[in-house]
Each structure stands twice: as structure tokens, then as C-alpha cells.
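First up is the structure itself, then whatever we jot down about it.
The values are calculated or read from the model by the stated rules, or taken from the named source; none is laboratory data. Computed from a prediction, not measured in an experiment: that's the story for all the values here. Here the Cβ positions follow ideal geometry from the backbone for every residue, glycine too, while neighbour counts run over all protein chains shown. Note: accessible area is taken over every heavy atom of the protein model, side chains too, but ligands, DNA and RNA are not part of it. Shrake-Rupley method; radii C 1.70, N 1.55, O 1.52, S 1.80 Å.
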Amino acid sequence: VLLNQQTADYPGRHCVDTTLVSLMIAQSINIPAEEKISLAAAALTMNVGMALIQTQLHRRQGKLSDEEFLQVRKHPEEGVRMLEAAGVKDADWLAYVLAHHEAEDGSGYPFGKTGGDIPRNAKIIALADRYCACVSARDYRKSLLPNVTLREIFLERGKGIDPVLAAHFIKVLGIYPPGTFVRLNSGEIGVVSRKGGSADTPIVHALVGPRGAPLATPIKRDTTGEMYAIREALSEEQANIRFNMSQVWGNEARL
């Protein structure tokens with residue numbers, strides 16, 4: 001999600017990103033396999049109701065027109081209509097698509113549902129949708145750092161977001177999710193490769209030495225110690241690193 005922003009147009013990539021993050025959360029709370037299939041199908045098709053205008057909206061820099069605003073507000077219902085017309089009969093799949101923009105405090109759409117009236121899996125998709133949208137660059141704005149996005153999600157818990165689910169979301173991803181560029185106290189710049197013992201002490205592979213020279217091979221760093229603790233998260237532009245993902249994650253990450 002974080003390192004492959006240029007591999008496809010935003011609308012299609014965003015649904016795949018959201019599905020992957022949704023499934024990570026579902027896996028961690030032991031959602032049954034059949035239920036995960038419905039959740040994944042809903043995440044992949046959550047925006048089908050505005051597919052015809054999504055690229056246009058992604059590139060827009062100004063305010064939405066009244067017609068565009070209405071299309072956005074109606075896209076969950078339109079998506080369900082289109083899926084039903086295509087032969088989808090899975091009630092859970094349709095329910096998750098319909099409710100993926102509802103909010104805990106009733107401020108969402110299309111029906112302004114609250115708390116317990118919103119399916120849990122629709123809430124998971126909503127959180128993943130929001131997170132992936134924030135960490136993705138758009139034509140009209142830069143991406144937010146993952147830790148900044150997660151902090152905003154945590155601060156909004158109990159308002160538009162289920163507080164229990166928000167806390168769990170951050171626990172699963174960690175404050176610095178894999179793929180985040182970071183600067184260590186040592187002065188090295190690297191990429192978070194996997195979760196560590198706590199949310200703020202992930203495993204990092206250093207890619208650039210303290211004097212700014214690229215390292216011949218990535219060096220694994222444990223951020224629990226003071227010397228290699230994370231000093232700050234960096235944007236892709238700030239890190240200015242080009243590396244092959246297989247160097248850190250092995251052949252399964254080769255593109």
C-alpha cells in the first residue's frame with residue numbers, strides 16, 4: 001500500500017489496498033472464512049456506484065459541484081443496485097457496501113445510521129478505506145504519513161469511528177506500519193519491515209547510512225534500543241530512497 005503508489009490509477013488500486021487492510025483486521029479478530037469472502041468482495045466493489053466519475057473526482061482540485069456531491073452521497077445505494085443487477089445475492093456483501101460510509105455518531109450516509117445498526121464488517125471497510133485514502137497521494141494533495149493518519153483515527157474514536165475497532169486497528173498495523181520510511185537516532189534512514197514487540201518499536205531495515213550514503217545491503221535494526229529508536233517518520237520525498245522490495249521482504253515481494 002505504502003510503497004506501490006504508482007503501480008495503477010488510484011480508483012482501482014485504492015479498492016485493492018482497502019481490501020488488503022480490511023482482511024488484515026478481519027484475520028486478527030478471527031472472522032470466519034465465509035464472512036471474510038463477503039467482506040473482501042464488498043471492499044473490492046465499495047465504489048462501483050461512482051466508478052464512472054471516480055477518476056474525475058480524484059483529479060479534482062476545487063469544490064465538488066452539486067451534482068458530483070449528490071453522486072458521491074448516493075454511491076453506496078447505486079453500488080448495491082448495480083451489484084444486484086449483476087446477479088449478486090450475498091446479503092452480507094450488499095449490506096457492507098451499503099453501510100461503508102455510515103458513521104458511529106450518525107453523521108455518515110446514506111441513512112445516518114449509528115453504532116450498533118452498522119455491520120461490524122462495514123465499519124472495518126470504512127476504517128481501511130479512510131486509512132488507505134489518507135496515505136495515498138492525490139493530484140490535489142500529498143499523502144499523509146501513516147503515523148499521522150493513525151493518530152487522527154485514534155483521536156476521532158467514539159465520534160465517527162467505533163472506539164474499540166479504532167484501538168484494534170492501530171494495534172494490528174502498529175504506529176509505524178511496514179513500508180513506512182523512518183529516520184533512526186543513529187542518523188540512518190530505513191524502511192519498517194515488520195511489527196516489533198510494541199506498536200512503536202517495529203523492526204527496521206536501514207537503507208542509508210548516518211552520513212547519507214546508500215548501504216550496499218539493508219541492515220536489520222531493532223528499534224527497542226535507544227541508538228536505533230525511531231526519531232521520526234519520513235515521506236517518500238524526504239527519504240529519497242530507491243530500493244528493490246525483495247531486498248527486505250524476499251522474493252515474494254519482487255515486482
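At 1.4 Å probe size, put 17, 66, 90 in order of accessible surface, largest to smallest.
Listed by decreasing accessible area, they come as 66, 90, 17.
If a/c stays under 1.5 just call it rounded; otherwise compare a/b with b/c (prolate if a/b is bigger, oblate if not). Do that for region 133-255, with a ≥ b ≥ c from the square roots of the Cα gyration tensor eigenvalues.
Prolate shape, in that a/c is at least 1.5 and a/b is the bigger ratio.
Can you sort 113, 220 by 1.4 Å-probe accessible area, starting with the largest?
Largest accessible area first, the residues go 220, 113.
Only sites in a loop by DSSP and with at most 11 other Cβ atoms within 10 Å count here; which chymotrypsin sites (Phe, Trp or Tyr not before Pro) in region 114-223 make the cut? Each step should come with its number before you reach the end.
Details: sites: 131, 140, 154, 169, 181; in loops: 140.
For chymotrypsin sites (Phe, Trp or Tyr not before Pro) across region 114-223 that sit outside H, G, I, E and B with at most 11 neighbouring Cβ atoms in 10 Å, the list reads 140.
Would you give the gap between the C-alpha center of region 1-51 and the C-alpha center of region 181-255, rounded to a whole Å?
26
Just to be sure I understand the model, the point goes 7 Å from the Cα along the line to the Cβ. What's the resulting residue 235 to residue 36 distance in nm?
3.6
Where Lys and Arg each count +1 and Asp and Glu each count -1, what net charge lies around residue 16 among other residues with Cβ under 15 Å from its Cβ?
Details: positive: 13; negative: 9, 17, 129.
Taking every Cβ under 15 Å from that of residue 16, the sum is -2.
So if I place +1 on the C-beta of Lys and Arg and -1 on the C-beta of Asp and Glu, and nothing else carries charge, what would the dipole magnitude of the chain be about its Cα centre? I want it in debye, nearest 20.
For this selection, approximately 720 debye.
In the chain, carbon and sulfur make up what percent of the accessible area (probe 1.4 Å)?
After summing per-atom areas, the C and S share lands at 53 percent.
Give me the distance in nm between label points sitting 7 Å out from Cα along the Cα-to-Cβ direction at residue 105 and residue 152, one decimal.
According to this spin-label approximation, the distance is 1.6 nm.
Once the Cα atoms of helix 120-134 and of the chain are each reduced to a long axis, what angle between those two axes, in degrees from 0 to 90 to the nearest 10, is obtained?
50
First obtain the Kirkwood hydrodynamic radius of region 88-148 from its Cα pairs, then insert it into the Stokes-Einstein equation at 10 °C and 1.306 mPa s, and state the resulting D in µm² per second as a whole number.
Translational diffusion coefficient: 125 µm²/s.
I'd like to check one number: the per residue accessible area of the chain, probe 1.4 Å, reported in Å² as a whole number.
With the other protein chains kept in place, the chain gives 52 Å² per residue.
Given a 1.4 Å probe and the protein chains all in place, what does the accessible area of residue 84 round to, in Å² to the nearest 10?
Looks like 110 Å² after rounding.
Just the accessible area for residue 24, please: 1.4 Å probe, Å², rounded to the nearest 10?
We get 90 Å² for residue 24.
How high is the relative contact order of the chain, in percent, with contacts defined as C-alpha pairs under 8 Å that are six or more residues apart? Before the final figure, lay out the partial values.
Numbers: 399 pairs, mean separation 35.1, N = 255.
Rounded, it is 14 percent for the chain.
Nearest 10 degrees, 0 to 90: what angle lies between the long axis of helix 163-173 and the longest principal axis of the chain (Cα atoms)?
The angle comes out at about 40 degrees.
Sort largest first and round to whole Å: the equivalent ellipsoid semi-axes of region 71-113, each the square root of five times a Cα gyration tensor eigenvalue. Don't skip to the end; give the middle numbers.
Working: eigenvalues 81, 27, 5 Å².
After diagonalising the Cα gyration tensor, the semi-axes are 20, 12, 5 Å.
Per the Kirkwood formula on distinct C-alpha pairs, the Rh of the chain is how many angstrom?
For the chain, the Kirkwood estimate is 19.4 Å.
Can you compute the modelled spin-label distance between residue 91 and residue 227, with each label point 7 Å from Cα toward Cβ, in nm?
6.1
What's the FRET efficiency of residue 73 with residue 185 using the Cβ-Cβ distance as r and R₀ = 45 Å, to the nearest 0.05?
Efficiency at R0 = 45 Å is approximately 0.45.
Less than 16 Å apart at the alpha-carbon level, and either on another chain or at least 8 residues along: which lysines does that give for residue 113?
Within the straight-line limit of under 16 Å, residue 113 reaches these lysines: 74, 123, 159.
In straight Cα distance, which lysines are under 20 Å from residue 220, not counting same-chain residues fewer than 8 positions off?
Reachable lysines: 195.
To the nearest 10 square angstrom, how much accessible area does residue 19 have with a 1.4 angstrom probe?
10
Mind ranking 129, 105 by accessible surface for me, highest first, 1.4 Å probe?
Accessible-area ranking of 129, 105, largest first: 105, 129.
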